[in-house]
Amino acid sequence: MKPIIRLLLAACLSVSTVAGAKEPVVQDGIAVKPLPSYRKLASEEQLEREAALQYNDLMNRASAKKALAPANHPQLVRLRAIAKRIIPHTARWNPEAAKWDWQVNLLASKQVNAFCMPGGRIAFFTGILTTLNLTDDEIAAIMGHEITHALREHGRERAVKSTTTQLAARLIGAGAAAYFGVDPRVTDSVAQQAGQFVVLKFSRDDEREADLVGLDLAARAGYDPRAGVVLWQKMAALGKRQPLEFMSTHPSGADRIARINAHMNLLLPLYARAKGVDVAQLPAYRSTGLPN
């Protein structure tokens, strides 16, 4: 076998190894990827220290700009009360979460966004609360979603996958240029685009996992998982244009709603148990509309 062919096969194997990692496992009725096998290659303490430094830097800069909500801000009090109910259920999805230094903060910004960094450092932007006119159940759906990204270590996994995929793509491009005698700049560009589609697919899978695990957390904490459906209906109602799903790091709203509804037979009993009633006794979910 020619050396160039061996190079191409090795590169393809590298991509397939990253893309096909481990088979999903079913936990609490939800199919999730196992936590990354390479997660212990780096020190948990070091990663959490780095995340803490980044989070603290962001909070300090927000404070300097008077954009960090004080502890008595009604919306921050509300967020922390919701987090207090969700956090006790997080260790079932990652045992390390029991040792995390959980924090919740609110930033004054029109952005419709929220995040949770490794180690349980959560931040919401005021824009997501006011623009979507969120109920507590809908906040819990978002918070559970963002917490899941940290619990399932999606950020770390995505970084490793992206690096490996792009390296393999470059090798494929270089190999194809040498073998077929074409401009390496052309093959490199094509290979890089192909590699990027693989990374985007990983991102969409992470989002789907975060939707369902996040609602599992919210339901166990006593928040209505049907809020997840209304949340994505509200997002769609914003009327913002979004890229085609296969070009996006996020699934379409319709895809997310369908998956949530398909798992409602698992999520509603958790919510009912937390409320101390039978599923049949649950009232219809009531939301709020978008602000005028």
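Some points to look at:
- Of all residue pairs spaced 6 or more apart or on separate chains, those with beta-carbon atoms under 6 Å, a first member in segment 108-136 that is of a type in the set (Val, Ile, Thr) and a second member that is assigned to a helix (DSSP H, G or I) are VAL112/GLY127; VAL112/ILE128; VAL112/THR131.
- Matching residues, segment 106-133, being charged (D, E, K, R) and in contact with a Gly (Cβ under 8 Å, 6 or more places away or on another chain): LYS110
- Residue within segment 119-133 that is within 15 Å of ILE82 (Cα to Cα) and β-branched (Val, Ile, Thr) present: yes
- Residue within segment 97-117 that is charged (D, E, K, R), surrounded by fewer than 19 Cβ atoms within 10 Å (Cβ to Cβ) and closer than 30 Å to VAL25 by Cα present: yes
- Verdict on GLN166 being at pLDDT below 90 and farther than 19 Å from ASP211 by Cα: yes
- Unmet requirement for LEU268, which otherwise passes all of (1) surrounded by fewer than 19 Cβ atoms within 10 Å (Cβ to Cβ); (2) at pLDDT below 95; (3) under 26 Å from LYS84 (Cα atoms): (2)
- One residue stands out among those in segment 127-136 that are under 21 Å from VAL213 (Cα atoms) and either aliphatic (A, V, I, L, M) or under 15 Å from the mean Cα position of the chain (by Cα) (or both): the one that is surrounded by the most Cβ atoms within 10 Å (Cβ to Cβ), which is LEU134.
- Of all residues making up segment 63-117, the number that are assigned to a strand (DSSP E or B) and aliphatic (A, V, I, L, M): 6
- Some residue of segment 137-144 being part of a helix (DSSP H, G or I), crowded, with 20+ Cβ neighbours inside 10 Å, without any contact (Cβ under 8 Å) to a residue 60 or more places away in the chain and within 19 Å of the chain's Cα centre (by Cα): no
- Segment 233-260 residues that are modelled with pLDDT under 85 and of a type outside the set (A, V, I, L, M), paired with ones that are outside any helix (DSSP H, G or I) and surrounded by 11 or more Cβ atoms within 10 Å (Cβ to Cβ) (beta carbon under 6 Å, 6 or more apart): GLU245/SER252
- Failed condition for VAL26, given (1) at pLDDT 90 or above; (2) assigned to a strand (DSSP E or B); (3) not small (Gly, Ala, Ser): (1)
- The residues of segment 93-119 that are of a type outside the set (A, V, I, L, M, F, W, C) and modelled with pLDDT of 95 or more, listed by number, are GLN103, ASN105.
- Within segment 87-134, the residues that satisfy the criterion of being farther than 18 Å from GLU153 by Cβ and of a type in the set (Val, Ile, Thr) are VAL104, VAL112, THR126, ILE128, THR130, THR131.
- All positions within segment 76-101 that are over 19 Å from the mean Cα position of the chain (by Cα), closer than 20 Å to LEU35 by Cα and small (Gly, Ala, Ser): ALA98
The values are calculated or read from the model by the stated rules, or taken from the named source; none is laboratory data. It should be emphasised that the depicted structure is a prediction, and the values quoted were computed from it without experimental measurement. So basically every Cβ, Gly included, is an ideal-geometry build from the backbone, and we count neighbours across all protein chains shown.
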